[in-house]
């Protein structure tokens, strides 16, 4: 089992966290809003250098000018993307539950920090049934891993047990699409509309990114249909930079299009 702690984020919060981790034999679980992630950047660097397991569960939201919560999965992503932490995204309550388990398995196996970004606003108001693992299944999973397991190794065993698959990248649409939309795996009404429209529009495809760090360029390129000649990156400058860098090195796509948001 992992320990769970509560932090009031400030510039000294990292010291409190490091103290808690030093007394724990398994990954410490921290719930932290994305607005507070910058306070944890230097702490993440230390956790990576010292091979310490920790999971940051980030209910990704921003605060509007009217002091209302609004979902923003990319808030402060540029600050932590090069911290050496694994960064995972989940889009639904079921994914959030399963990715929480995967995050802890990964952190405990690799002895590294993991950031799990999920839609806390949607999860709070969701009424969907979440299928939970039994205590027996949890023990079966946790007893299978040592310090050499990668995300793909952990995922394959999780999929065998649950029949739910969470690949690092997931493609939706026609195998002969000429236009490709790329987005982080987060809940967005626009992305849901795009998924539904793909049934009637074979010229577009959608590629969602579930494992943002480490960035697997070869896995990303493998899922792009050879017919694609233009790409659109949704709502993330950081993701755009990774996509553009990968495409530039591969020389596969004629045009890498603009970042867009609605």
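The values are calculated or read from the model by the stated rules, or taken from the named source; none is laboratory data. Bear in mind the structure is a predicted one, so any value in this text is a computation, not a measurement. All Cβ positions, even for glycine, are placed from backbone atoms using ideal geometry, and neighbour counts span all protein chains on display.
Data table
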item	result
Listing of helices (runs of 4 or more DSSP H) fully contained in the range 170-262 that carry 3 or more residues being at pLDDT 90 or above	217-222, 237-250
Those strands (runs of 3 or more DSSP E) lying entirely in the range 40-97 with at least 3 residues modelled with pLDDT of 90 or more and over 21 Å from residue 192 (Cα atoms)	54-59
Test: residue 220 is closer than 30 Å to residue 110 by Cα, touching a residue at least 40 places away in the same chain (Cβ under 8 Å) and not assigned by TED's automatic domain parsing to the domain that holds residue 76	yes
Flag for residue 176 being out of contact with any strand residue (DSSP E or B) (no Cβ under 8 Å at 6 or more places or on another chain) and either at positive phi or not assigned by TED's automatic domain parsing to the domain that holds residue 81 (or both)	yes
Matching residues in the range 112-144 - criterion: being in a helix (DSSP H, G or I) and either modelled with pLDDT under 75 or not assigned by TED's automatic domain parsing to the domain that holds residue 90 (or both)	120, 121, 122, 123, 124, 125
